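The values are calculated or read from the model by the stated rules, or taken from the named source; none is laboratory data. Everything quoted here is computed from the prediction, not taken from an experiment. Don't worry about glycine lacking a Cβ; one is built from the backbone with ideal geometry, like all the others, and counts go over all protein chains shown. Just the protein is used for accessible areas: all its heavy atoms, side chains included, with ligands, DNA and RNA removed. Shrake-Rupley method; radii C 1.70, N 1.55, O 1.52, S 1.80 Å.
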Amino acid sequence: MAPPKKPRSQLKSSAKYYRDHPEARQKKKATDNKVNARPEQRKKRNELKKARRSAAKRGVNLRGKDMSHTKSGRIVPEDSSRNRARQGANGKSTKK
């Protein structure tokens with residue numbers, strides 16, 4: 001079950017845009033589905049899930065955190081808002 005919709009006043013600009021333009025939302029959904037189906041993306045997702053399970057077994061507090069790849073290749077917990085907001089200017093990585 002999906003969480004309840006937030007009021008418009010609490011949404012960021014891109015969320016407002018996609019709520020107001022259903023055709024753009026459908027196009028974005030199709031693109032996201034293609035990206036997430038790629039073998040390299042599936043491998044990356046599996047690595048993160050495995051690391052998250054391992055950290056949970058060790059007793060690491062993961063509430064509100066994502067597992068994030070660092071520049072050195074390590075996988076560490078990071079606030080989900082910071083991890084997901086990191087887009088990178090001109091396609092450059094801003095990994096920590």
Percentage relative contact order, the chain, counting C-alpha pairs under 8 Å, at least six apart: 13 percent
Accessible area (Å², per residue) of the chain, counting only protein heavy atoms and a probe of 1.4 Å: 86 Å²
The chain: most fluctuating residue of LYS44, LYS16, LYS65 per GNM, C-alpha cutoff 10 Å: LYS16
Furthest towards positive pole of dipole, ALA85, VAL60, GLY73, structure part the chain, Cβ charges: VAL60
Distance in nm between pseudo-label sites at GLU23 and GLU47 (7 Å out along the Cβ direction from Cα): 3.9 nm
Carbon plus sulfur fraction of accessible area for segment 1-83, probe 1.4 Å, in percent: 50 percent
Proximal lysines to LYS16, defined as alpha-carbon separation beneath 21 angstrom and excluding residues fewer than eight positions away on the same chain: LYS5, LYS6, LYS27, LYS28, LYS29
Sum of -39500 (n - 2.57) over DSSP H runs of 4+, divided by residues of the chain (222 nm, nearest 500): -15500 deg cm²/dmol
The chain - Debye-derived log10 I(q)/I(0), Cα point model, q = 0.14, 0.15, 0.19, 0.20 Å⁻¹: -0.75, -0.86, -1.23, -1.28
